[in-house]
Every structure is written in C-alpha cells, then in structure tokens.
1. Here is a list of conditions, (1) within 11 Å of the ligand (Cβ to nearest atom); (2) in contact with a helix residue (DSSP H, G or I) (Cβ under 9 Å, 6 or more places away or on another chain); (3) touching a residue at least 40 places away in the same chain (Cβ under 8 Å), and residue 48 meets all of them except one; can you say which number that is?
2. For a quick check of your reading of the model, give me the residue pairs whose first member lies in region 130-153 and is within 14 Å of residue 93 (Cβ to Cβ), whose second is near the ligand (Cβ under 10 Å from one of its atoms) and assigned to a loop (DSSP other than H, G, I, E, B), with beta-carbon atoms closer than 8 Å and at least 6 apart or on different chains.
3. Taking the criterion of being over 18 Å from the mean Cα position of the chain (by Cα), surrounded by fewer than 19 Cβ atoms within 10 Å (Cβ to Cβ) and near the ligand (Cβ under 10 Å from one of its atoms), would at least one residue in region 130-141 satisfy it?
4. Every residue in region 110-129 that is farther than 18 Å from residue 83 by Cα and touching a residue at least 40 places away in the same chain (Cβ under 8 Å), please.
5. With respect to residue 126, is the statement that it is modelled with pLDDT of 95 or more, part of a loop (DSSP other than H, G, I, E, B) and more than 14 Å from the ligand (Cβ to nearest atom) true?
6. From (1) assigned to a loop (DSSP other than H, G, I, E, B); (2) at pLDDT below 95; (3) out of contact with any strand residue (DSSP E or B) (no Cβ under 6 Å at 6 or more places or on another chain), pick out the condition that doesn't hold for residue 100.
7. Every residue in region 156-169 that is surrounded by fewer than 13 Cβ atoms within 10 Å (Cβ to Cβ) and either assigned to a loop (DSSP other than H, G, I, E, B) or near the ligand (Cβ under 8 Å from one of its atoms) (or both), please.
8. Within region 122-129, does at least one residue satisfy the condition of being under 17 Å from residue 165 (Cα atoms) and touching a helix residue (DSSP H, G or I) at 6+ places or on another chain (Cβ under 7 Å)?
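The values are calculated or read from the model by the stated rules, or taken from the named source; none is laboratory data. What you are looking at is a predicted structure, and each value in this text was computed from that prediction instead of being measured. Ideal geometry is used to build each Cβ from the backbone, glycine not excepted, and the neighbour counts take in all protein chains shown.
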Ligand code: HEC
C-alpha cells in the first residue's frame, strides 16, 4: 500500500516537473508582449525619473505622467537626438478624480493605460526606431490600437525623434 502511494506521489512529482518548463516558457512567451512590436512593460519603471506630467481633456479625462529610464533622461538632458538605443519612455495614465479630502484637488483615479516606447534603431527601423506597447491591466491592447501609435507620433513630432514630451520646467 505504502509503496504504491510513494510510487504514485513520485509519478505525480515527475509529471509536475516535466510540465514545469513548458509552463514557464508558455508564461514567458506570454509575458504580455504588444502586437507588432513585441514590447513588454519594463521592469522597475515605477522608480524611473519623471519627465513631465500631462492632462488629457474629455472624453478621456486623464491625468498622465511620462517617466524615462536613465538612458532616456540623459538624452533629454543633453538634447541628444535621436535618442540612443536602449532609451525607454513610459506614460502612465489615470482617470481624473476629485479628491474626497479636498474639493479643488484632482487626483489619479482608476489606472487606464501604461504605454511604452522602446528605442532600438535596427529592430524598429521602419517605425522611426521606436517599438510601441499599450497595456491595460498589464495586458497588451489589440493590434488595431498598435497600428495607430507610429502614425500619430510621426505626423506630429517626427522632428523631435517622434517624442512629444519635453522636460517639465
Ligand atoms: C492621436 C495621437 C496619438 C496616438 C495614436 C498615440 N499617441 Fe502616444 N502620445 C501622444 C501625445 C499627444 C503624447 C504626449 C503626452 C500626452 O499628452 O499624453 C504621447 C506620448 C506618448 C508617450 C510618452 C513619450 C512621448 O512621446 O511624449 C508614449 C510612451 C506613447 N505616447 C506611447 C504610445 C503608444 C504605445 C501608442 C499606440 C498604442 C500611442 N502612443 C499612440 C499622441 C498619440
């Protein structure tokens, strides 16, 4: 009886172990990559330096903040254009919300999107060297949304290496 149980447990464990690598890989491949570009939410971005806040009028009614990794911040500080490979910009967006503690204060409400631009001049040569990703609750938005990114950035700020945000004074 006991041997059977042990054998059973061992077989189960072997099964679990053999299933593990493919599961981990599946998760990794799943690591929330944006369509077209394969961009992911960069690790540790919440600790990056703020470049500027922004606000979007109705109907979106959002508060936003753009953060940059050290390579991006350095490029902006030194007015290096184009941005070097490895530069990453992240824009966090929230619904505007009236503070319950102070009537005239507007604070971040529900998080709406995390948007990412990654500079890799070779990989993203056809889109100005930038790869784009828009995430909602950690999951990439659909293909159609990713088809809009470059067009708008190209139409408006091509001369500034496709980046809208300036350092806040
Ligand atoms: C219709 C125009 C438009 C489209 C489409 C658009 N953006 Fe932007 N994006 C902006 C504007 C304007 C800003 C400046 C910050 C702000 O006002 O929110 C910006 C800023 C950004 C920033 C911060 C860096 C910068 O350029 O200032 C990132 C990152 C970003 N967008 C990613 C994306 C991604 C990813 C997509 C597609 C899923 C996208 N954008 C589509 C207009 C657009």
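1. (1)
2. From region 130-153, the pairs are 133/34; 133/37; 133/39; 134/34; 134/141; 135/34; 135/141; 141/34.
3. So far as region 130-141 goes, no, none of its residues is over 18 Å from the mean Cα position of the chain (by Cα), surrounded by fewer than 19 Cβ atoms within 10 Å (Cβ to Cβ) and near the ligand (Cβ under 10 Å from one of its atoms).
4. Once the filter is applied, which keeps residues that are farther than 18 Å from residue 83 by Cα and touching a residue at least 40 places away in the same chain (Cβ under 8 Å), region 110-129 yields 112, 114.
5. no
6. All conditions are met except number (2).
7. 156, 166, 168, 169, listed by residue number.
8. Yes, region 122-129 contains at least one residue that is under 17 Å from residue 165 (Cα atoms) and touching a helix residue (DSSP H, G or I) at 6+ places or on another chain (Cβ under 7 Å).
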